[in-house]
1. Starting from residues that are surrounded by fewer than 19 Cβ atoms within 10 Å (Cβ to Cβ) and farther than 18 Å from residue 47 by Cα, keep the ones in region 113-147 and report whichever is nearest to the chain's Cα centre (by Cα).
2. Which one of 75, 87 is buried (at least 20 other Cβ atoms within 10 Å of the Cβ), modelled with pLDDT under 95 and farther than 12 Å from residue 198 by Cα?
3. Starting from region 93-104, take each residue that is under 14 Å from residue 81 (Cβ atoms) and list its partners that are among the β-branched types (Val, Ile, Thr) and modelled with pLDDT under 95, counting only C-beta distances under 8 angstrom and pairs at least six apart or across chains.
4. How many of the residues making up region 25-54 are part of a helix (DSSP H, G or I), of a type in the set (A, V, I, L, M, F, W, C) and free of Cβ contacts under 8 Å to residues at least 12 places away in the same chain?
5. Pick out, from region 86-191, the helices (runs of 4 or more DSSP H) lying fully within it that include 2 or more residues that are among the charged types (D, E, K, R).
Amino acid sequence: MSTSTSSREDAIPPNVRYVHVSTKNLDTCTPPETCHLISQSGIAKAKLSWPDLILKSFFGGIFISLGSLFNLAIAGGAPGLRASNPALATMLSALTFPIGFVLTVFTNTELVTSNMAVVMYSTLQHKTCWYDLGKNWVVSYVFNLAGCLFFAGVLAWWTGTLESDAQTEYAVVQAEKRVNVKWVYNFTRGVGCNWLVGLAVYMAMSGKDMLSKIVGIWLPIWTL
């Protein structure tokens, strides 16, 4: 015997039909509070002096490289695991990469990928100007790159950190994968990756304690 949709809905108790989950007791910022913190962070970044911005960007490049080096050391040092269980090897290597982003956040250094979300938001809110945005993006990009090159040349290559043939070969293969691809594919992947970086910034800002911030950073960056 068929029952109409309306009669089925009437049979559902009101307290079951609509469930409201309150977040007021959670130790986290609300979305409006988080957006306000992001805007204030953008203002603070815009007020950085040239020397501060340059130095923070240089160290931001170094810290993000630490996560990448750890990733290469773990994945490159386990060729057997990559051959027998590539999915597990990929998951474990990806698990190490967020370390670099955690370091940049907790040391308050500059990273162009996160600045693209933070300073853009404060600019769209008319709290900072387009000159501030351009200055921050260009300087952080250039000196992030300088920090990465310094780390790769001095702290990784010159010191022989990736000393095994397997690790070196893995690093070369990963580099070739990123350059031997169509520009439009790299661009699209970059947009998607930076979307997740912006989400990591948002989640880090919403946390009120260190552990919450680390978890908020880790989950989106892990999926990169």
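The values are calculated or read from the model by the stated rules, or taken from the named source; none is laboratory data. Bear in mind the structure is a predicted one, so any value in this text is a computation, not a measurement. Quick reminder, even Gly has a Cβ in these numbers, built from the backbone with ideal geometry, and neighbours come from all protein chains shown.
1. 145
2. Step by step, each of 75, 87 is checked, and only 75 is buried (at least 20 other Cβ atoms within 10 Å of the Cβ), modelled with pLDDT under 95 and farther than 12 Å from residue 198 by Cα.
3. Here the result reads 93/74; 94/223; 96/74, each pair linking region 93-104 to a residue that is among the β-branched types (Val, Ile, Thr) and modelled with pLDDT under 95.
4. Looking only at that region, the number is 1.
5. Hits in region 86-191: 130-150, 165-179.
Residues checked against (1) of a type in the set (Val, Ile, Thr); (2) at positive phi; (3) touching a residue at least 40 places away in the same chain (Cβ under 8 Å):
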residue	(1), (2), (3)
160	no, yes, no
166	no, no, yes
170	no, no, yes
176	no, no, no
185	no, no, no
197	yes, no, yes
205	no, no, yes
